[in-house]
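Notes to accompany the following structure.
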Amino acid sequence: MSRRLAVLGLPTLALAGFALAACDKKPGAGASAAAAAPDDMSLGNPAAKVTVVEYASVACPVCGRWYKEVWPAFKAKYVDTGKIHFVYREMLVGDNDEVTAASAGFLLARCAGTGNYFKIVDAVYNSQPGLFADPRGVLLNIAKSSGMTEAQFDACIRDPAALDALQKRVAANVAKDNVNATPTFVINGKPLEPGYHPLSDLDAAIAAASKS
């Protein structure tokens, strides 16, 4: 077990099977689900004609770059205006340290509650690359900024039931939609090539989906 895994306190063996994919390394086999599942987190207009699903990890550097560079304009143009329904699906990719940091980040976001989920995700993405050097310190600061105590943070990221639920969500996504790289965007059931996409790529895909 690495020092960072030990410090975070997450069970290594439970996570070992989830270093299953790469951050922008391998093309996926395609994804099919366009509608939000009950345990998905989403923003925007659920009745919109276009649904954009993003499969991502908060510990994926490419996802972090996309979030910092593209997400603000994408959100303003499509999510805040109700033009799309944006569905965010949690993935665990990379080596053990990346998987563990992502797991803790996602568990923290879930503990913060539905209304604060995306605020935590935002903070974790914006903490990169510091997240990789000091995952516990970074995530603990985020937790405290959201009103959690250190004891509540530790209980949150070490909750076996919550970790099991996260792993099951990830396993279901992988099995159902054949996603094996992050970020992967799926627009009305049609996947884009996995990896970083500028706003122009998403503009074109959303325009095509709107016409179909």
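The values are calculated or read from the model by the stated rules, or taken from the named source; none is laboratory data. Treat the numbers as computed from the prediction; the structure is a model and nothing was measured. All Cβ positions, even for glycine, are placed from backbone atoms using ideal geometry, and neighbour counts span all protein chains on display.
Close Cβ contacts (under 9 Å, 6 or more residues apart or on different chains) running from residues in region 128-148 that are under 18 Å from Gly115 (Cβ atoms) to residues that are in a helix (DSSP H, G or I) and among the hydroxyl-bearing types (Ser, Thr, Tyr) comprise Ile142/Ser127. When every residue of region 66-77 is checked against the conditions, at least one turns out to be more than 20 Å from Asn126 (Cα to Cα) and at pLDDT 95 or above. Checking each residue in region 42-81 for being among the aromatic types (Phe, Trp, Tyr) and either in contact (Cβ under 8 Å) with a residue 60 or more places away in the chain or closer than 18 Å to Gly130 by Cβ (or both) picks out Tyr55, Trp66, Tyr67, Phe74, Tyr78. Any residue at all in region 166-179 that's of a type in the set (A, V, I, L, M, F, W, C), within 22 Å of Asn96 (Cβ to Cβ) and at pLDDT 95 or above? Scanning region 166-179 turns up at least one residue that is of a type in the set (A, V, I, L, M, F, W, C), within 22 Å of Asn96 (Cβ to Cβ) and at pLDDT 95 or above. Taken together, the residues in region 82-106 that are crowded, with 23+ Cβ neighbours inside 10 Å and either small (Gly, Ala, Ser) or in contact with a Cys (Cβ under 7 Å, 6 or more places away or on another chain) (or both) amount to 7.
The set of residues in region 143-177 that are closer than 17 Å to Tyr88 by Cβ, out of contact with any strand residue (DSSP E or B) (no Cβ under 7 Å at 6 or more places or on another chain) and β-branched (Val, Ile, Thr) contains only Val174.
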